Amino acid sequence: MDKNQATGLILFAAVILIYSFFFASGPEIPVEETQTPVQTESATQEPQPAMQSQVLAESDSLVSSEKIAKYGALATLTSGEENQVTLENDLIQVSISTKGALVDEVNLKEFKNWKEGPLMLIDAESSKMDFSIESRMGNISLNELYYTSEASTEQDEEGVTIHVLTLSAATESGKISHIFKLKDGTYEVNKSFQIDRFNGYFTGDNIQLAWSDLVKAQEKDLAESRRKSQVNYYLSSGSYENLGVGDDLEQEQVAEPVKWIGFSQRFFTAGIIAEDSFQNVSLAQSTPQDSSIVRSMEASLSIPLKDGSANYTYYFGPNNYKTLKKVTQDFEKNVDMGYFFVSWVNKYIIVNLFAFLEKYFSNYGVIIILIVLIIKLALSPLTYKSYIGMAKMRVIKPEIDELKEKYGDDQTKMQQEQMKLFGQLGVSPISGCLPMVLQMPFLFAMFFFFPNAIQLRQESFLWASDLSTYDTFINLPFTIPFYGSHVSLFTLLMTVSQLIYTHFNNQLTTAQGPMKNLGYIMPVMFMFILNSYPAGLSFYYFVSNMVTFGQQALIKLFVDDDKIRAKVEESKAKNVNKKKSKFQQKLEEAMKAADANRKK
C-alpha cells in the first residue's frame with residue numbers, strides 16, 4: 001500500500017468518526033413520544049451531509065480503483081495539475097507541458113509568419129505527439145503522467161551555455177525523467193528519457209511514438225509552399241528518401257532502420273534524429289482542403305530503450321543549408337539544391353558566396369547583383385571563347401552559302417563538304433556553343449537555389465516586398481492559364497531583356513530557320529513559367545542578361561572581324577594538305593551509311 005492509498009483510508013475513517021460523533025442519535029426514543037412535526041423533520045434531514053460525504057468517498061475510491069487497474073504502479077502519477085514550462089535560448093522558445101512532458105509549442109524568435117505574427121513552427125492544436133510503452137498492465141500512454149519540473153543551466157567544454165529542463169515523476173516504486181537540453185545558438189533540443197527502477201513493471205524494449213502535424217501555412221504563396229513541403233527521411237544505411245510532393249495521400253512502411261525524419265516545409269523543418277536509429281517506421285502525408293494547412297504529415301516509429309534510457313534530438317528551425325549541415329549526416333538535404341549535375345554549384349559556390357557577401361551587405365538585391373558580377377567575371381574566358389567561335393562562323397558564312405547553292409537538297413553531301421570546309425579553315429561548329437553549355441549549370445542552379453533560399457524570405461528590394469515570392473506589379477481581374485492573375489515586373493523585364501539578347505545574338509551567328517525562331521519562343525515560355533516564381537530568381541536572370549550585353553559589347557570593341565578572317569585564311573593555307581583526322585573519317589563514313597539507308 002502506497003502513501004496515497006493509506007491517506008485515503010485514514011480520511012475515510014475520519015469521516016465515519018465525525019459522522020458518529022456529531023450526527024448519530026442518542027438512546028432510542030419511542031415514536032409515539034416524539035410526535036411533533038419539527039422533531040420528525042429534523043430526524044429525517046440531519047444525516048444528509050454525512051451521507052453525501054460517504055457517497056463522495058466511495059466515488060473517489062472507485063476512481064482510484066479504476067486507475068490502479070489500468071496503470072498499476074503508475075496510478076498515482078495520472079493525477080495532477082497541468083502547467084506549461086519554457087525552455088529557451090537566443091533563437092527558439094520551446095513550451096513543454098508538465099502533463100506528458102510533451103513539446104506543445106515552438107516559437108522561432110528570429111522569424112515572423114507572412115502576417116507578421118510570431119512564427120509558431122509547432123503548436124498544441126496542430127501537432128500531436130503520443131508516447132507509449134509496453135508494461136505488464138498493457139500499453140501505457142506516457143502522455144497521461146504528470147511531472148514536476150526543474151530548470152537549470154550548465155556549460156559545455158567551449159563555455160557555451162546549455163539550458164536544461166528536467167521533468168520527473170516518482171513513486172515508491174521508481175522514477176521517470178524527461179531531460180531536455182538546449183544550447184545557445186542552436187535549434188536542436190536534445191531529449192533524454194530515463195526509467196529508474198519500476199522493476200518488472202515495464203516489459204517493452206522501446207518507446208512508441210506517433211507524431212502527426214498539420215503544417216500551418218507560414219508563407220503567402222500556398223501553392224509554392226505545397227510544392228516544397230514533404231516528409232523527408234534518411235536511412236541508417238546512408239540513403240536519403242522522401243514521400244514526394246504530390247497532392248494525393250502518400251504513405252510508406254520503411255523496412256530499414258531510419259536515422260532521421262524531417263517534416264520539411266519550404267523554409268522550415270521540424271525533425272527528429274535518432275542517437276542510433278529508429279525502428280518500425282511508418283510515414284504518411286496528404287494535402288487537406290483547408291487553405292491554412294500546407295500538408296498533413298505523420299510518422300510512427302519505435303525508439304529503442306537501452307538500460308531504461310533513450311536519447312534522441314529534435315530540430316526546430318530554418319532550412320538554412322549551412323545550419324542543417326551541422327545537425328547530422330545529410331540533414332542539409334531538407335533543402336533542395338537541385339539535380340546532381342547542378343547541385344554542386346549551389347552547395348560549394350553559391351551558398352558560400354551568399355554567406356560571404358552577407359557579412360558586408362544587408363540589401364539582398366545588391367547581393368544578387370554582386371553574385372551575378374562575380375560569376376560573370378569568373379566565366380568571362382568562356383564568354384570570350386564563345387564570342388570568338390560565333391565570330392568565326394560568321395566570317396565564313398559566304399563559303400557556307402556557296403556550299404548550299406552548290407549542293408542544294410543533297411543534305412548528306414552538303415554536310416560532308418561542310419565538315420571538310422570546317423577542317424580546312426580550322427573552325428569548329430561547336431566552338432561557340434560549348435562555352436555556353438559549360439555555363440548552363442550556373443543558370444539551372446539558380447532555378448533551384450532562389451525558391452529555397454531562406455536568406456531572401458521577407459527581404460524587400462525596389463518594388464518587390466519579398467524576394468522569396470513573386471512581385472505583383474499589376475493584379476489582373478482574370479486568370480490567364482499557366483500564367484496567373486498577376487503580372488510580375490521582374491519577370492517581364494527578364495523576358496524583354498532575353499528577347500533583345502536573342503536578337504543581338506542572332507546577328508552574331510549563322511543560325512537559320514527553326515533554330516533561329518526557337519530563341520524567341522523560349523523567353524516567352526519562361527515568362528509564363530517564372531511569373532509565379534520568386535522575384536529574386538527573375539531579378540537574377542534579368543541582371544545576368546544585362547551584364548552579358550555589357551560583356552559582348554566590350555569584347556566587340558577588341559575583336560575585329562577582319563583579323564578573325566585573316567586567321568581563318570592562315571589556317572586554310574596550313575591545312576591544304578592536312579589529312580583528315582580519324583574522327584572526321586568516321587563521321588563521314590557514318591553520314592554516308594545514313595544516307596545509303598535513307599535511299600533504300
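Quick notes on this structure:
- Summed over the range 482-495, the residues that are over 28 Å from the mean Cα position of the chain (by Cα) and small (Gly, Ala, Ser) give a count of 0.
- Residue list for the range 165-194, filter: assigned to a strand (DSSP E or B), in contact (Cβ under 8 Å) with a residue 24 or more places away in the chain, buried (at least 18 other Cβ atoms within 10 Å of the Cβ) and β-branched (Val, Ile, Thr): ILE176, VAL189
- Considered as a group, the residues in the range 266-292 that are among the charged types (D, E, K, R) and assigned to a strand (DSSP E or B) include one that is surrounded by the most Cβ atoms within 10 Å (Cβ to Cβ), and that residue is GLU275.
- Meets criteria (in contact with a Pro (Cβ under 6 Å, 6 or more places away or on another chain) and either open to solvent by 40 Å² or more (accessible area, probe 1.4 Å) or not charged (D, E, K, R) (or both)) for PHE263: no
- For the range 68-91, a residue qualifies if it is within 23 Å of LEU209 (Cβ to Cβ) and either open to solvent by less than 50 Å² (accessible area, probe 1.4 Å) or part of a helix (DSSP H, G or I) (or both), and the qualifying residues are LYS70, TYR71, GLY72, ALA73, LEU74, LEU77, THR78, VAL85, LEU87.
- The set of residues in the range 327-345 being open to solvent by less than 80 Å² (accessible area, probe 1.4 Å) and within 9 Å of ALA445 (Cα to Cα) consists of MET337, GLY338, VAL342, SER343, VAL345.
- Candidate set: the range 243-254, residues that are modelled with pLDDT of 90 or more and open to solvent by 60 Å² or more (accessible area, probe 1.4 Å); chosen: the one farthest from ARG226 (Cα to Cα): GLN253
- Flag if ILE162 is under 18 Å from SER65 (Cα atoms) and part of a strand (DSSP E or B): no
Rundown of residues vs (1) over 28 Å from the mean Cα position of the chain (by Cα); (2) open to solvent by less than 60 Å² (accessible area, probe 1.4 Å); (3) at pLDDT 75 or above, yes/no style:
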| site | (1), (2), (3) |
| --- | --- |
| MET414 | yes, yes, no |
| GLU417 | yes, yes, no |
| ALA464 | no, yes, yes |
| LEU467 | no, yes, yes |
| LEU476 | yes, yes, yes |
| SER497 | yes, yes, yes |
| THR502 | yes, yes, yes |
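Yes or no, residue by residue, for (1) open to solvent by 50 Å² or more (accessible area, probe 1.4 Å); (2) not in a strand (DSSP E or B):
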| site | (1), (2) |
| --- | --- |
| GLN93 | yes, no |
| ILE96 | no, no |
| LYS115 | yes, yes |
| LYS128 | yes, no |
| PHE131 | no, no |
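- So SER212, is it touching a Lys or Arg at 6+ places or on another chain (Cβ under 6 Å), assigned to a strand (DSSP E or B) and open to solvent by 20 Å² or more (accessible area, probe 1.4 Å): yes
- Only one of the numbered conditions (1) over 30 Å from TYR321 (Cβ atoms); (2) at pLDDT below 90 is violated by LEU492, and that is (2).
- For the range 175-205, the set of residues classified as at negative phi, small (Gly, Ala, Ser) and more than 31 Å from the chain's Cα centre (by Cα) consists of SER177, GLY204, listed by residue number.
- Set side by side, the residues ILE350, ILE369 differ, and just one is in contact (Cβ under 8 Å) with a residue 60 or more places away in the chain, open to solvent by 30 Å² or more (accessible area, probe 1.4 Å) and out of contact with any Ser or Thr (no Cβ under 9 Å at 6 or more places or on another chain), which is ILE369.
- Single residue of the range 419-452 satisfying the filter (open to solvent by less than 20 Å² (accessible area, probe 1.4 Å) and under 16 Å from LEU382 (Cβ atoms)) that is modelled with the highest pLDDT: ALA445
The values are calculated or read from the model by the stated rules, or taken from the named source; none is laboratory data. Computed from a predicted model, the values in this text were never measured in an experiment. Note: ideal-geometry Cβ built from the backbone for every residue, glycine included; neighbour counts use all protein chains shown. Accessible surface is based on the protein model in full, side chains and every heavy atom, while ligands, DNA and RNA are left aside. Shrake-Rupley method; radii C 1.70, N 1.55, O 1.52, S 1.80 Å.
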